[in-house]
């Protein structure tokens, strides 16, 4: 198998993970630990990296964001440390906060879905 073909196969696997990322539950303990970290600490980056290594949904979130148009990589990124370096550990904390807060306010049943657009656009009388 050629190198280009191997890279494409890895990329397809990453795309499959990206499609499922919203269905993976992030462990509450991981979220809590991330939010407790001090961004000014010398060990902040390494601590975020170690947490991501233990939580597959967090690792997928980091890899997904590092390979997104927002990050604009010149080549697909498969390495967690490289992905974290590209987007920055503080961005990871912001992403985790957005995901965790977003899941709280996302409609969980079909009955609640008609109300969701009202919540997203802002309630007005």
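Could you look through region 66-90, keep only residues that are buried (at least 20 other Cβ atoms within 10 Å of the Cβ) and either touching a strand residue (DSSP E or B) at 6+ places or on another chain (Cβ under 6 Å) or not in a loop (DSSP other than H, G, I, E, B) (or both), and pick out the one that is modelled with the lowest pLDDT?
Across region 66-90, the extreme among qualifying residues is 89.
Can you tell me which residues in region 1-34 are touching a helix residue (DSSP H, G or I) at 6+ places or on another chain (Cβ under 7 Å), assigned to a helix (DSSP H, G or I) and at pLDDT 65 or above?
30, 31, 33, 34
Quick one: count up the residues across region 35-57 that are part of a helix (DSSP H, G or I) and modelled with pLDDT of 85 or more.
Looking only at that region, the number is 12.
The values are calculated or read from the model by the stated rules, or taken from the named source; none is laboratory data. Treat the numbers as computed from the prediction; the structure is a model and nothing was measured. Every residue, glycine as well, gets a Cβ built from its backbone with ideal geometry; the counts of neighbours run over all protein chains shown.
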